[in-house]
1. Rank Ala110, Ser278, Asn296 by how far each Cα sits towards the positive end of the charge dipole of segment 16-303 (+1 on Lys, Arg Cβ; -1 on Asp, Glu Cβ) and give me just the farthest.
2. How do 210-216, 250-256 rank on mean C-beta neighbours within 10 Å, highest first?
3. Got a sec? Charge dipole of segment 16-303, +1 on Cβ for Lys and Arg, -1 for Asp and Glu; which of Pro77, Tyr150, Pro265 is way out at the positive end?
4. So the label point goes 7 Å from the Cα of Asn161 along Cα→C-beta, right? Which residues of segment 192-231 then have their backbone N under 15 Å from it?
5. Where the only charges are on Cβ atoms (+1 Lys, Arg; -1 Asp, Glu), what is the dipole of segment 16-303 about its Cα centre, to the nearest 20 debye?
6. With +1 on each Lys and Arg Cβ and -1 on each Asp and Glu Cβ, how big is the dipole of segment 114-224 about its Cα centre, in debye rounded to the nearest 20?
7. Taking Cα centroids, how far is segment 114-137 from segment 202-274 in Å?
Amino acid sequence: MSFPFIAKKWVGIMHDRFVVRVGALVLSVFVFSATSRAADWSPSGKTLTFWADWAGNLEAYIINVDGTGLKNLTNHPAEDANPVWSPDGRKIAFYSKRGGNGGEIYVMDADGSNPTNLTNNDVEDHNPTWSPDGAKLAFQTTRDGRYQIYSMNADGSDQRNLSVNLHKDTNPDWSPDGKQIVYIGTRDGRRQIYIMNADGTDQKELTDNRYLDMLNPKWSSDGGKITFHSLFVDFGVERGAIYTMNRDGSNAKRLTEDDLYNFNPFFSPDGKQISFNSADASELINIHTMFVDGTNRVDLTQKTR
């Protein structure tokens, strides 16, 4: 797997105003940080959940795909982010700082009611992902002095370290067949994509590039592909590119070839499209979709001052 560019660092994006178009709904909102995230689809494909600081702090939101039903699910003064649907669509797991520490994994009903702290400790717990049967969650945590990937039952019991190594592992995503977890492993200062069995065994590196950092791997709905973004410098300018590859790391294809910083890709539920964020040279964020071959790019947001 080879890439022609050199990695550098993450781009910070702050204080911009956007017109966001979702279906028939047009919203004028402020986005204050790079931590805004493109929407995650519900299992039914009818609803989106996402996080943004429209209310002045990070909150988890829900909206129907036709633009109706916009609702702040968390509505809390603390930071709430990373909402992800349970496979049956009845629950949403998310990360929150409402406990006053580095962050906890919570779960709530799909309407935002009954938020429950699952991790309940004084370290940082982030980025939950559901197993396809909804029985377990995987997440990243600093409870071992560095980020490791843990799993737990959906009620918060049986929390165990899957990584069990001296390195930094983050951003887990459970495979659709429930057998594997893809994640980011940092080795020798490089962030690459790794895969392991759901019990933490057989950890393998899928990408091996000395120049590029790979980030945010996400499975396709059939489990045959993984999408991710890479960081590089092109003629002195930081860029990000969206890629797909086979689940074994082979046949990597670059899908974006523009001058934008493209990041945060994920597959649509039917596996036919990829949604992603982008930032231009002035650090303005927008959201786009495209077909899985990189064609038919559609702008879902339009930025205004």
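1. It is Asn296.
2. By packing density, highest mean first, the sequence is 210-216, 250-256.
3. The one lying farthest along the dipole's positive direction is Pro265.
4. Within reach of a label on Asn161: 200-201.
5. Around 180 debye, computed over segment 16-303.
6. With Lys and Arg at +1 and Asp and Glu at -1, about 320 debye.
7. 25
Computed from the coordinates by the stated procedures, all read-outs in this text should not be read as laboratory data. Since the model is a prediction, treat every value here as computed from it, not as a measurement. Backbone-built Cβ (ideal geometry, glycine too); neighbour counts: all protein chains shown.
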